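Before any comments, here is the structure.
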Ligand code: PGA
């Protein structure tokens with residue numbers, strides 16, 4: 001099981017330093033835990049016993065792009081994974097499928113694994129359009145990549161209405177969506193792709209969620225901000 005921790009825009013410097021200190025000496029199997037701090041705190045984390053991820057990336061290469069952070073800069077900071085297309089970026093930063101595609105392209109140039117977030121809104125769920133939405137996002141973001149490139153991508157299924165709300169879909173529903181994602185990817189590109197679930201994962205639901213047979217891991221936000229929570233789920 002892969003666990004990805006998304007710190008979002010949390011912590012001040014001292015808090016990030018103390019979190020990084022707590023994560024020292026975890027000695028996990030490689031690629032079991034990925035920590036995605038805020039950009040500015042990336043150098044505080046020494047990725048031994050876990051891997052380092054970013055929460056986003058610029059779709060431009062290095063150059064005159066004020067305020068952006070490139071894939072090559074992330075790579076130089078030992079970042080090996082990056083979240084792309086998180087619903088908060090799609091919603092608040094108006095990110096499009098084309099932009100998300102270009103970000104993944106940049107990441108792959110530097111051997112950084114994109115973690116592509118997809119998921120339906122509450123309205124889409126209520127109208128029975130979950131699978132339609134998820135398939136649309138997959139097709140639009142993954143089109144144009146070679147098979148070799150696609151094999152390096154991880155998908156995170158994150159229903160928008162479950163993020164930070166305490167609401168979680170039924171296990172059968174998560175299983176159904178993840179199986180369809182895997183089938184679609186296999187059918188279109190003949191590859192197997194890991195799929196994570198994200199949205200209000202916590203200590204009360206993680207044990208039952210991890211029994212979902214199609215699931216390869218979790219993308220965790222709020223619950224992962226406390227190092228003790230992280231240690232307890234890793235046990
Ligand atoms: P949450 O966030 O665990 O706080 O719901 C998950 C995410 O946004 O990736």
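The table below gives the values:
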read-out: Helix-only [θ]222 nm of the chain, DSSP H runs n ≥ 4, -39500 (n - 2.57) each, per residue, nearest 500; value: -10500 deg cm²/dmol
read-out: Normalised convex hull volume, the stretch 156-235, alpha-carbon set, Å³ per residue; value: 92 Å³
read-out: Percentage of interatomic Cα-Cα distances in the stretch 1-141 larger than 17 Å; value: 63 percent
read-out: Rounded D (µm²/s) - the chain, Kirkwood Rh over Cα pairs, Stokes-Einstein at 25 °C, 0.890 mPa s; value: 137 µm²/s
read-out: Residue 152/residue 60 FRET efficiency (R0 22 Å; Cβ-Cβ; nearest 0.05); value: 0.60
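Quick note: the coordinates plus some simple rules give every number you see, no bench work behind them. All of these numbers come straight from a predicted model, not from anything done at the bench. Cβ sites come from the backbone with ideal geometry, for glycine too, and all protein chains shown count toward neighbours.
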